[in-house]
Structures are given as C-alpha cells and as structure tokens.
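The next block holds one structure in the form of structure tokens; read it before the comments.
The values are calculated or read from the model by the stated rules, or taken from the named source; none is laboratory data. For clarity, every value in this text was computed on a predicted model and none was experimentally measured. With ideal geometry, Cβ positions are generated from the backbone for all residues, glycine too; neighbour counts draw on all protein chains shown.
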Amino acid sequence: MDVSSAASIASSLSQARVGDAVSTLVLKKAIDLQAQNAAQLVAALPQAAPSNPAHLGQNIDVRA
C-alpha cells in the first residue's frame, strides 16, 4: 500500500465522519422541532369538563 492510497482512505474516512456528524445534528434538530410542535398542540387542547356528578368516583369497593 503506497502513501497516496493511505492518504485517500484517511481522507474518505474523515469525510464520512463529518457527514455522519452533520446527519446526526440535522436529525436532532428535526426531533427538537417535532417536540416543540407536539408541546404546542397539547397546550392548545381545551380542558375537558368532568362529565360525572361530583359524588361519583370518591369511593372504591374493595370487597369485590
């Protein structure tokens, strides 16, 4: 193996690492944006009013 082929291999590996780092950063940014959008959607949901009367749901039958 001569020096020029070793340098070429090293250069291509370095470029692959840079490409992987860029891809990872882009993916992280996309995930962050999706999380922000999901949080906004959840915050925009109206609060549900309780549909049961106030006296329901206060006791538990433990002898069933």
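From the list D61, D20, D32, exactly one residue is surrounded by 10 or more Cβ atoms within 10 Å (Cβ to Cβ), at pLDDT below 90 and of a type outside the set (G, A, S). Which is it?
On the way: D61 fails: surrounded by 10 or more Cβ atoms within 10 Å (Cβ to Cβ); D32 fails: at pLDDT below 90.
After applying the criteria, what remains is D20.
Which residues, taken from segment 10-64, are part of a helix (DSSP H, G or I) and among the hydroxyl-bearing types (S, T, Y)? It would help to see each step written out before you state the result.
Restricting attention to segment 10-64, the residues satisfying the condition of being part of a helix (DSSP H, G or I) are 10-44.
S11, S12, S14, S23, T24 - these are the residues of segment 10-64 that are part of a helix (DSSP H, G or I) and among the hydroxyl-bearing types (S, T, Y).
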